[in-house]
Amino acid sequence: MPKITYVDADGTEHPVDAKTGVSLMETAIANNIDGIEAECGGSCMCATCHCFIEGDWSAKLPAMESEEDEMLGFAAEERRDSSRLSCQIKVTDDMEGMVVHLPAEQN
Ligand code: FES
């Protein structure tokens, strides 16, 4: 159960004990974290689970598939190098300490 910290756009931190094997999106929803809407339920079809992965963590994650890459173009908040769709990232034990920033808006 790695500890992952979600950070709201206003800087409020939400450390959670994440379950391995579920997505960063599902982890946020299960912990009542606002800022992830996930309208499509994790099907990579809405971009309302947009997040920004802090620092070097971005490079440690599996590369994104083309569907995620395309869908990020529809994100409400401008895409950055650290942008990912949280429904496409599965939690693993080596994510201990990872920090995930949330955009101010998802729609
Ligand atoms: S939940 Fe819709 S793209 Fe991630």
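Summary table below
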| read-out | value |
| --- | --- |
| So Ala30, is it open to solvent by less than 30 Å² (accessible area, probe 1.4 Å) and either at pLDDT 95 or above or within 16 Å of the ligand (Cβ to nearest atom) (or both) | no |
| Of all residues in the stretch 34-62 being closer than 23 Å to Thr92 by Cβ and charged (D, E, K, R), the one that is farthest from the ligand (Cβ to nearest atom) | Asp56 |
| Some residue of the stretch 92-102 being charged (D, E, K, R) and assigned to a loop (DSSP other than H, G, I, E, B) | yes |
| Residue within the stretch 69-88 that is assigned to a strand (DSSP E or B) and open to solvent by 40 Å² or more (accessible area, probe 1.4 Å) present | no |
| Evaluation of Thr20 against (1) within 16 Å of the ligand (Cβ to nearest atom); (2) touching a residue at least 12 places away in the same chain (Cβ under 8 Å) (one fails), failing number | (1) |
| Residues within the stretch 63-94 that are within 12 Å of the ligand (Cβ to nearest atom), touching a residue at least 60 places away in the same chain (Cβ under 8 Å) and over 15 Å from Val7 (Cβ atoms), tallied | 4 |
| Residues that are open to solvent by 10 Å² or more (accessible area, probe 1.4 Å), out of contact with any Leu (no Cβ under 7 Å at 6 or more places or on another chain) and either closer than 16 Å to Arg84 by Cβ or in a strand (DSSP E or B) (or both), drawn from the stretch 34-58 | Glu37, Ala38, Cys40, Gly42, Ser43, Met45, Cys46, Glu54, Gly55, Asp56, Trp57, Ser58 |
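The values are calculated or read from the model by the stated rules, or taken from the named source; none is laboratory data. What you are looking at is a predicted structure, and each value in this text was computed from that prediction instead of being measured. Positions of Cβ are backbone-derived with ideal geometry, glycine not excepted, and every protein chain shown enters the neighbour counts. Areas reflect the complete protein model, heavy atoms only, side chains present, ligands, DNA and RNA absent. Shrake-Rupley method; radii C 1.70, N 1.55, O 1.52, S 1.80 Å.
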